[in-house]
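Participant: Dropping a structure here in structure tokens format, bear with me for questions.
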Amino acid sequence: MDAIAFGSIRKKGNKHMPDFAKMSDDERGEYAARVATLNDELRADLSNPQRGRVVLTQGIRDLIEDTDLSPFWIDTAALLRIVRDYSDFTEDNDPHGERDFGAFEWKQTRCFWKIDYYDAALEGGSPDSADNAVTCRVITILRADEY
């Protein structure tokens, strides 16, 4: 389903974007469910650039060990598994039902991951976060103190 399937679309410049104010509760729910599905697909396949991009902040990179006994990829893989497997969504951390944010502990540090929606060229916001044809999802993994 793409955003054009919804009857409530407004035109902004030459791009279409949903007019949430005109959507019914059911349409908003369907839209959020579509965005949530796309977000889950990104987290399930973090190494696939067709799904989106992954950004590790400097604070997270500082926590990743790179030694002879623990090469950087071991920590990185463990961190990505935490994000991939995250399922603790509540009304508090997911009020819109899009599954675009998570909080977790890693290496005794409070961390977050969040998904932002950019246009396909990564030059501005996405015109429609429920449409992968016009959206590049960027998941950022960061320490809480970097938020």
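The values are calculated or read from the model by the stated rules, or taken from the named source; none is laboratory data. These figures come from a predicted structure and were not determined experimentally. Cβ sites come from the backbone with ideal geometry, for glycine too, and all protein chains shown count toward neighbours. Accessible surface is based on the protein model in full, side chains and every heavy atom, while ligands, DNA and RNA are left aside. Shrake-Rupley method; radii C 1.70, N 1.55, O 1.52, S 1.80 Å.
Participant: Is it true that Asp116 is acidic (Asp, Glu) and in a strand (DSSP E or B)? I'd like the intermediate steps shown before the answer.
Facilitator: Working: acidic (Asp, Glu): yes; in a strand (DSSP E or B): yes.
Yes: the conditions hold for Asp116.
Participant: Sticking with this one: Could you please find all residues in the stretch 89-113 being assigned to a strand (DSSP E or B) and surrounded by 15 or more Cβ atoms within 10 Å (Cβ to Cβ)?
Facilitator: Selection gives Phe101, Gly102, Ala103, Phe104, Trp106, Cys111, Phe112, Trp113.
Participant: Provide a single number: the residues in the stretch 131-147 that are more than 12 Å from the chain's Cα centre (by Cα), surrounded by 13 or more Cβ atoms within 10 Å (Cβ to Cβ) and hydrophobic (A, V, I, L, M, F, W, C).
Facilitator: Count: 3.
Participant: Given the structure, is Asp128 touching a helix residue (DSSP H, G or I) at 6+ places or on another chain (Cβ under 8 Å) and either surrounded by 16 or more Cβ atoms within 10 Å (Cβ to Cβ) or in a loop (DSSP other than H, G, I, E, B) (or both)?
Facilitator: Details: touching a helix residue (DSSP H, G or I) at 6+ places or on another chain (Cβ under 8 Å): yes; either surrounded by 16 or more Cβ atoms within 10 Å (Cβ to Cβ) or in a loop (DSSP other than H, G, I, E, B) (or both): yes.
Yes.
Participant: For the stretch 1-71, which fully contained strands (runs of 3 or more DSSP E) count at least 3 residues that are open to solvent by less than 90 Å² (accessible area, probe 1.4 Å), hydrophobic (A, V, I, L, M, F, W, C) and modelled with pLDDT of 85 or more?
Facilitator: Strands (runs of 3 or more DSSP E) meeting the threshold: 52-56.
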